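The values are calculated or read from the model by the stated rules, or taken from the named source; none is laboratory data. Everything numeric here is computed off the predicted structure, so don't read it as measured data. Cβ placement follows ideal geometry from the backbone for every residue including glycine, while neighbour counts extend to all protein chains displayed. Just so you know, the surface numbers come from the protein's heavy atoms only, side chains and all, with ligands and any DNA or RNA stripped out. Shrake-Rupley method; radii C 1.70, N 1.55, O 1.52, S 1.80 Å.
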Amino acid sequence: MGQPGVRDVLGDILRRAGISAKKEAPVNFLTDPMEGRSTLRPADLLVFGWAGGKHACVDLTGVSPLAGLRESGFVAGQAIRKAESKKVDKHAKACADNQHAFVPFAFDTFGSLAPEAIRLLTRVQKVVHSSCSSTGGQGFVFNRLGFAIQKGVAAQLVARLPAILM
């Protein structure tokens, strides 16, 4: 859900901050252990030397904040925390076994971010601030990413409009 656009914007933010990263990096060890078959897939973003010199596999996932509403009622942030937890369960061990860090990057269609996504962006924001003397860019990282999330949501809504309205 809007994830390729968000991935591209996050990759651009990292590049502009001088942080080396590669989109759709073929790491060849991310699989789904529950599927019982090889499901090798690339990391959405591979950030070089991110955590103690280790490369970090960043896996983006977008969810509706209303996901699972029938099961437990609405709790703000519940859907993104659950998505983040599922990503950790799915990929963290494989990354650690291959000397990589794992960063789940979960967001919802309202623009909320899971704790690990906030940590990553806060660190990137500090890098941006240390290399930029202008005070105008203080919200640059979060604002730009929030706009990318909303743009993805808008594109999905427009795609669902009846053809007669277009």
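Tell me, what is the FRET efficiency for residue 15 and residue 157 to the nearest 0.05, using R0 = 25 angstrom and their Cβ-Cβ distance as r? Walk me through the numbers on the way to the answer.
Values: r = 29 Å, r/R0 = 1.16.
Taking R0 as 25 Å, the efficiency between residue 15 and residue 157 is 0.30.
I'd like the accessible area for residue 122: 1.4 Å probe, protein heavy atoms, all chains in place, Å² to the nearest 10.
Answer for residue 122: close to 50 Å² accessible.
If you stretched the chain out fully between residue 96 and residue 150, how much longer would it get, using 0.36 nm times the residue separation minus the C-alpha to C-alpha distance?
On the way: separation 54, 0.36 × 54 = 19.44 nm, distance 3.26 nm.
Roughly 16.2 nm would be gained on extension.
Could you work out how far apart the two model spin labels at residue 81 and residue 123 are, taking each label as a point 7 Å from the Cα in the direction of the beta carbon, and quote it in nm?
Result for the modelled spin labels: 2.2 nm.
Excluding residue 114 itself, calculate the net charge of residues whose Cβ lies under 13 Å from the Cβ of residue 114, where each Lys or Arg counts +1 and each Asp or Glu counts -1.
On the way: positive: 81, 82, 86, 87, 119; negative: 59, 84, 108, 116.
Summing Lys/Arg as +1 and Asp/Glu as -1 gives +1.
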